[in-house]
Every structure is written in structure tokens, then in C-alpha cells.
1. With (1) without any contact (Cβ under 8 Å) to a residue 60 or more places away in the chain; (2) touching a helix residue (DSSP H, G or I) at 6+ places or on another chain (Cβ under 9 Å); (3) more than 8 Å from chain B (Cβ to nearest Cβ) as the list, and A:Ala45 as the residue in question, which single condition is left unmet?
2. Select from region B:145-158 the residues that are part of a helix (DSSP H, G or I) and in contact with a Ser or Thr (Cβ under 7 Å, 6 or more places away or on another chain) and list them in ascending order.
3. Residue by residue through region B:11-64, note down the ones that are of a type in the set (Ser, Thr, Tyr) and touching a helix residue (DSSP H, G or I) at 6+ places or on another chain (Cβ under 8 Å).
4. If you check B:Phe192, B:Phe135, which single one turns out to be among the aromatic types (Phe, Trp, Tyr) and at pLDDT below 95?
5. In this structure, does A:Phe128 turn out to be of a type in the set (A, V, I, L, M, F, W, C), out of contact with any helix residue (DSSP H, G or I) (no Cβ under 6 Å at 6 or more places or on another chain) and modelled with pLDDT of 95 or more?
6. So which of A:Ser38, A:Ser102, A:Ser59 ends up being more than 9 Å from every other protein chain (Cβ to nearest Cβ) and at negative phi?
7. Among the residues of region B:39-71, count how many are closer than 16 Å to A:Met14 by Cα and in contact with a Leu (Cβ under 6 Å, 6 or more places away or on another chain).
8. Are any of the residues in region A:55-77 under 17 Å from the mean Cα position of the chain (by Cα), under 25 Å from B:Met2 (Cα atoms) and at pLDDT 90 or above?
Amino acid sequence: MSDFVIPVFIALIMVIGLAKRVDVFGEFTDGAKENLKSAFDVLPALIALMTAIGMFKASGGLEIISSAIAPLTEFLGFPRECIPLALIRPVSGSGALAVFESILTEVSPDSFAGRVASVVIGSTETTFYTIAVYYGITKVKKTKHAIASSLTADLTGFILSALTVRLILY
Amino acid sequence: MMNKIFAAMLILSVICGAATGRIQDVCNAALNSCVEAVELFLYLLGGMCMWGGLMRIAEKAKITDMLSGLFKPFLKHIFKGLDLNGKAFHAICMNITANLLGLGNAATPLGLEAMRRLEQEEQPGDTTSRNMIMFIVLNTASITLIPTTAASLRIKHGSTAPMEILPCVLITSACALAAGLISAAALDGIHFGKRRDK
């Protein structure tokens, strides 16, 4: 079903464009050309971020932090298995999916930890990646409270994912 | 803040890598991550050109006007002082549409377009504008209506009810988004309060 969304969305734009007599090919290439130039502004931020994430993942730092904060998350009712997921989620989308899959192989997707992990994946985003890349295309250097507010949203998401699963599914 | 996080991650990886005996992996990651970044960039570059082109057609065909009319009643409370008929707001509406439909691959290029146009319209210099922060929070909190990725991975690992998580996901995302926006508005009062008096 979801495979239909993008193709239908594109076709819809084309149909309406033709109906309104838009020069669809010319406008497409103009829009693409403009973004082609600005896309290069993102690359430095991507390289910096990916290097930091790649080195940190390889160092085993994630496991060290996980075990350090386990007592706190236990107090909040957040399952121990999901801590690495919550830690990697804000920095890396592909990393989070890999951790999610390893959780689902260890425990059943229909277990408490499996369900909480699913809600975490479904209701949060890769915060640092988004901030680095989105601001990377602008000249903005001082992001003020963008990170603090986004992390507030993430933290709320982690706590509530355990809470809603406990209240609604049990 | 990005400075500190970036430096902390790099320094911590060296310390942790030495402690866990995985310094060789850290070394490989240091050398190879930039190549992965370029691969990701190429992927993003294609997406940006493709969705930038489609966005242009959608604007000429007045589709973005329809979308922004739809979102205006909600978004005018979040994006204060932004021209609701301007090009930045159009891109914001396209980005939100893509996010709601769960089209992550389209949402990022459209979001980058929105940031670029916000910069053109608001001219914030080297310090972020208030509306940029609101837009960032909207994008870092997930506003997807149907968690397709989570559901498909649940099916793959033998879940008997892949979509049972939906009510939890919707409540959690809504509360997380609200928390992000409220904290942004609250911190905004502290940070931007002085500038607004001018």
C-alpha cells in the first residue's frame, strides 16, 4: 500500500501541472538546478557529523554509557534493552534501525521491550543529523536553543513510549 | 552547543576505544566515515534535485497554495511573523506534508529548501531565527501519521500485531512535539526577548 504514496504524489503534481499549463519539464530542471548548487553547502556538516558518529559507534562508548545510565532508566520504567536505541536514535537513523533489528532478534516484537522499541522508532527522529544538515545549508552558526528544545522532545518521546505501552497495551 | 557535542564525541571515542581495546575500529571509522558521508551526500543530492524540481512545478501549479491554505490555521500560531504567502512557508508546508505521509526521503530535501528560503526571507545572519528553531523542532519530533518502517520491521521479525503500536506512537509523537514546541517558546522568551523590544 505505502508503495503507492510517492508515485501517486508525483503523478498528481504532474496532472495538476499539465492542467494548469505549467512548463513542467522546464520548471523541473530549473528547480533541480537551483538545489544542485545549494546542496554542496551541506557536505561539510555531513562529513563532520558522520565522522564523529562513526568513531563513537566503533569505540564501544554507547555500551559504556548504556550501563552507566541503566539505574536511572529502570527508575523511569524504560526497558534496559532499549537504552542503546534511545542513545543512538538522536544521532543516526541507519544506526538506530540496526539496533532496533538486533532488539527484535533478541526479544519478540510483541514483548514489552519489543513494543517500546517500536514506539521509539515510530515516534522520534534523528535529531542531531537533522539539526546539523538543516543548519548546514544556511550560514547560521549560533543555533541557540534548537538542540535543547529538540532533545526535550526526544526525552519526552522516550519516557512516554514506555508509559503508553504500559498503559494502553497491558 | 554543536561545537561541544562534536568535540566531546570525537574525544570520547578515542578514550572509550582505548579502554575497550577497539582503537583499531575507531581508526578505521575515522578514515572511512567521510567516504560514507559523501555516499549519503550523493543520495541527498539526487533527492534535493528531484524534489526541488517537483516543488517548483507544484508552486507554479498553485498546489503549494492549496497546501498552505490547509495548514495555515495551525501553523500561524507556531511561525510568528513569517509571511504566510511567502516561498519559505510554501516549502515548510510541502515538508510537513511529506513528513505526515511518512516520506522521509522527500521530507529532508524539502526541509532543506525551506531552511534556505527562511534564511533568504528572514536574513538572520549567523544567529538562528525564531522560526528556524520552530521548524527544526517540527522536523526533529516525528509527525508521521503511520509508522511504516517500524511496522514492516515488526512483521519481518514475526509480530502477530504489527500495527498495535499505532495509538502509542500517535500519543507519544504528539506529546513529544508539544514538549519540544513549548520548550522552544519558553526558551525563546529568554533568548529573543531583548531583541523584540527594539
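1. With respect to (1) without any contact (Cβ under 8 Å) to a residue 60 or more places away in the chain; (2) touching a helix residue (DSSP H, G or I) at 6+ places or on another chain (Cβ under 9 Å); (3) more than 8 Å from chain B (Cβ to nearest Cβ), A:Ala45 is out only on (1).
2. Answer for region B:145-158, where residues must be part of a helix (DSSP H, G or I) and in contact with a Ser or Thr (Cβ under 7 Å, 6 or more places away or on another chain): B:Thr148, B:Ala150, B:Arg154.
3. Correct list: B:Ser13, B:Thr20, B:Ser33, B:Thr64.
4. Selected residue: B:Phe192, the only one of B:Phe192, B:Phe135 that is among the aromatic types (Phe, Trp, Tyr) and at pLDDT below 95.
5. no
6. When all the criteria are applied, what remains is A:Ser102.
7. Count: 1.
8. Scanning region A:55-77 turns up no residue that is under 17 Å from the mean Cα position of the chain (by Cα), under 25 Å from B:Met2 (Cα atoms) and at pLDDT 90 or above.
The values are calculated or read from the model by the stated rules, or taken from the named source; none is laboratory data. Everything quoted here is computed from the prediction, not taken from an experiment. Cβ coordinates were reconstructed from backbone atoms using ideal geometry, including for glycine residues, and neighbour counts include every protein chain displayed.
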